[in-house]
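What follows is a single structure, written as structure tokens, with notes after it.
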Amino acid sequence: LSFTLNILNVLDELLSAGTDRRIHYMISKGGSEALLSALVNTGRSLSPNYTVLLPLLHLLAKVGHRDRRIGVKAEDADAVRLVLNLLNHNSNHARRAAACLWVIQVFCSSVSTANLIGENRGLDVIFRLIPPYTTKHLCTIKYANVHSAVSKGYISGLLGLYEEWHSKDIEHVAIAILQALLRCLHQALHTTAGRQAFISQGGMKLLYQTTQTCLFTKDLESLVEPSVQLMRKCYPKSPLPLTSDHSVYSFPLPGRPETNLDTDVGRDVSCEDSDDEEDEENQEDDDLETDLNKLGHRPEPDRPKELLKQYSQLCPELTHDFQVCVWFVYSCKSDPLLVSPPRGKATQGEKAEEDDGEGGEEAHHHSMVDRLLEKLGACIPNHNPKLYRAAAAQTKSVPGFNTLAFPDFWGHLPPPGHEPMAPRKPKVQRQKVLEDVQRFLNPDDIINQVVFNLEDNSPWGLSDEPDSLKFFSSFECGNLRKAIQVRRYEYDLILNADVNCSQHTQWFYFEVSNMVANVPYRFNVINCEKTNSQFNYGMQPVLYSVREALEGRPSWVRTGTEICYFRNQFCPAKGGKRVTFYTLTFTVTFKHNEDVCYLAYHYPYTYSSLQTHLQALRHSVDPAKVFFRQQTLCTSLAGNPCPLLTITACPASRGWRDIHQLRNRPCIVLTGRVHPGESNASWVMKGTLEFLCSNNPVAQSLREAFVFKIIPMLNPDGVVNGMHRCDLNGEDLNRQWCKPNPVLSPTIYHTKGFLYHLSSIGRSPLVFCDYHGHSRKKNVFLYGCSVKETLWQSGSAVDTVGLKEDPGYRTIPKTLDRIAPAFSFNSCNYLVEKSRSATARVVVWREMGVLRSYTMESTYNGCDQGIYKGLQMGTRELEEMGVKFCHSLLSVRRDTTPLYSRKLINHIDLDDNILDHKSHDCFEDDEPPCVEEIEYSTNGCPALKTAELDSDINGNISSTEEEEEGEEDKDQSHQSSLKSHLFPHLTEKASTETQNIKKSSCNGVSSGQYLN
């Protein structure tokens, strides 16, 4: 006996010193198995020697907590039911019971072991150890935890215990007990039956009330978050209040029969949680392409060479004789649309006037708009409201919009200063969740009035209530499907899915009016789909005030306080695969009474804005110096032209040498807005276009060096109809590049065909860049393609020493890092992923052999490095990024054509103007974990820490048996009465079970039969 005790003491001292390396070494040498074997041999005797058993149990708990397979090993050694039996016999001995509970808790790291404990009525044994409120034996009670789902009626007992302990623990000495009870509830509520029992037994009300008291007591702060997570977890699922999950808009696709969309609610969840070129939160190396045949060999074109001849007309610079540099003046039919004026309270009157006659209303609107323009004049560079109205008249939309949003018509000027990221209010998500729980507990306080429904025929909404906001979204780029007034100053907003599908709800853009000044209004967008958002990290939506614009401040500004983004309880209206939605909640305080304001996810940029902008650029260039040609690449499914621009410098003369130089200039191909919700890409493109058409000497040098082929909007139909990701075919166009359908994806098909044509005539682009927006990262950065970097990152066994790869794909990113304040080189990567094999970046690199094939990602939020650190990106900064990208092309010219004039190199100092950019590595998570839990499927309670376990075990060892046994005799009857009071239906069974166990033990039954 003394020899065994000495060994256990020596082991305990050795394993308690230093780090865990000694324990892991002991585990690797079979230490866990040896301790389990000793435990079984010692515990099987009729009268176990607890002088040996106690230190053995303590040591096993310490070692087992570090052994991932301890549960399985305990099952193999037949130790699980033995420890349960020991616990059952020693419920009146605190030190012994605590030691057994620690070991059981360690065993339960294995699911199968936890199930075995539950099958052998281990929960009954454990529950008898939990008395009502007392100040004694806290160590024993603390580890009376439940590790498997409860379906035996324990929920009401746990709630009763929590309520009693919480109400009577006025000294706050039993917080650990309350935490353990919450942990038990979390485990028990993994099942639907458990959550239903929790609600039926008043668990939501109890936790809400106790949480309210905890909010004002610092000592109880640790109970608030697990309680809130429990309430979120048990909040009943509610289908979205919609008639269908599908978009309100549908478009008949050529070659496809019309189907009943209401019955087709399946959702493609393969990529909906990531932007096109956005890496997943934890990028998996097994997604990286390691097949050298796919990485290093160019596949055959997807169409016959004869079909490429049609694209020769898209290279007018090759055939134009330049006798007179042609300048096309844009003209279009003047069939103007109605401009949405400041309506305020006049909305209903205008609605009545529309019912009387459309012609009268149109004349009224035009006269009003003309008077405004005459009085205030147009003040936006490269924007003319009358031209916008004319361009919009030619734009084709699925619903047939006949109203213009005022910001798009009137125009936007960046506000004078920078806008900082919004500070996150401490515990703001908790506050919003608790307000939502109040909806469930007090349904009579909820108004639940639909005030806007896109499916309704009423043009300006449904509500006639004088104190209700009025909403509207039936205009180009608009997206708001339904608005529900929840409380007097709170509204739930539901977004419209992309046309012809039932998903991709993130972009919003709508009008709101009839507000009261200086009153905080809460808006909840309740059907967002992404699992996280920059709204959790300082991003704000944008607001445009008509009144401010008419007073000379026509600006989209960042707005909103108390912003957070978290998972909610809503599910699809008609079922479907995806069941998770997220809430974006923000509060807006309007400046003016009865103003008309517009709220949007990001700065809107419509298709009609593009057409107006291109017309203004055509008028701005000097045709003797700038060759600017706008052509139509193709028409979209809805019939909207997809413009293709050619921008270069006119030759210095008609001499052979100058014409030859022009026709041998390398091409730069730029595309954008393939995803309609990424409006930031259009603002970057706007900066690029204006710079290339300017008189800036660098722009002139670039035009002399390159021919720019620009397709500024690859998805005009998606932009027009307020979609977030797809085209009218319901598909992500940036997943169609491998084999695009000429009928269903015409813009991608013809863009790829045009690139094939350039390649076939020996003019493959020197640079290809597709402009995008990124919703999860800050800064601006590039994604490129590299064989070597992909193989290195994937850990491939391929020997890369013999692989030759031009490192020139890094030239532009390195240059941008030096000259662009918003650019982050450390956020760039050049990996080729299997899941991105059909994107523009990868296909152009692989099939056309373009070394510098990029996706440029611009944040919706702001920067976390450089001179813009802590600031949100506005349209000024986005346009500046488009300019800086053009500047970076000087480095490409310097690398490839040094024979030309070097003034373009000297104009920008690429070596000295180095910005201090310190950003995270591209393989790290996009953002640190949100300060509050976005999801609620996690445990919600702090896990048992190794140091805490060791400390408690050591404390149990040092305590004396005599101190504890005297106390336990006093509490024995109290524990028994609690069991009868809380679980009367289990008392008789438990007593019988205990008697059977004792009888079996006395008869020397083997450990394999314990607790059967």
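Read-outs throughout are calculated quantities, based only on the coordinates presented, and are distinct from any laboratory measurement. Since we're looking at a predicted model, the values are computed, not measured. Because the Cβ atoms are built from the backbone with ideal geometry, glycine has one as well, and the counts that use them run over all protein chains shown.
Tabulated values for the structure
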item	result
Ordering of 539-551, 308-320 by packing [mean C-beta count within 10 Å, highest first]	539-551, 308-320
Estimated FRET transfer efficiency (K237, D445; beta-carbon r; R0 22 Å; 0.05)	0.55
Length added when fully stretched, A193-R876, from 0.36 nm per residue minus Cα-Cα	240.4 nm
Sorted peptide list for 762-771, 108-117, criterion being average Cβ within 10 angstrom, highest first	762-771, 108-117
Where N is the number of residues in the stretch 614-715, Cα Rg divided by 2.2 N^0.38 Å	1.13
Charge context of A517, other residues only, Cβ under 13 angstrom, K/R +1, D/E -1	-1
Amide H contacts under 5 Å for L413, placed H, 5+ residues apart	S555, W556
Whole-number Å³ per residue for the convex hull built on Cα positions in the stretch 1-129	100 Å³
Theoretical FRET efficiency, 1/(1+(r/R0)^6), r = Cβ-Cβ of L803 and R303, R0 25 Å, to 0.05	0.25
Residue-count net charge about M713 - beta-carbon cut-off 13 Å; Lys, Arg +1, Asp, Glu -1	-3
Over the stretch 826-865, volume per residue of the alpha carbon convex hull, in Å³	93 Å³
Average silhouette area of the stretch 682-748, convex hull of alpha-carbon atoms, in square nanometres	5.8 nm²
Theoretical FRET efficiency, 1/(1+(r/R0)^6), r = Cβ-Cβ of D622 and E221, R0 60 Å, to 0.05	0.35
Against the rule of thumb 2.2 N^0.38 Å, how large the Cα Rg of the stretch 590-643 comes out	1.72
Binned Cα-Cα distances of the stretch 481-612, short to long, each 5 Å bin given as a whole percent	2, 9, 18, 23, 19, 14, 9, 4, 1, 0
Loop-located trypsin sites (Lys or Arg not before Pro) in the stretch 13-53 whose Cβ has at most 12 other Cβ within 10 Å (DSSP)	K29
Kirkwood Rh in Å, taken over all unlike Cα pairs in the stretch 13-57	11.7 Å
Percent RCO, i.e. relative contact order, over the stretch 1-129, from Cα pairs under 8 Å lying at least 6 residues apart	24 percent
By average C-beta atoms within 10 angstrom, highest first, the peptides 702-709, 613-620	702-709, 613-620
Cross-link pairs beyond the 25 Å C-alpha cut-off, checked among K294/K752; K294/K814; K686/K814; K425/K686	K294/K814; K425/K686
Solvent-free Debye scattering, log10 I(q)/I(0), computed from the Cα coordinates of the stretch 775-905 at q = 0.10, 0.13, 0.18 Å⁻¹	-0.38, -0.63, -1.07
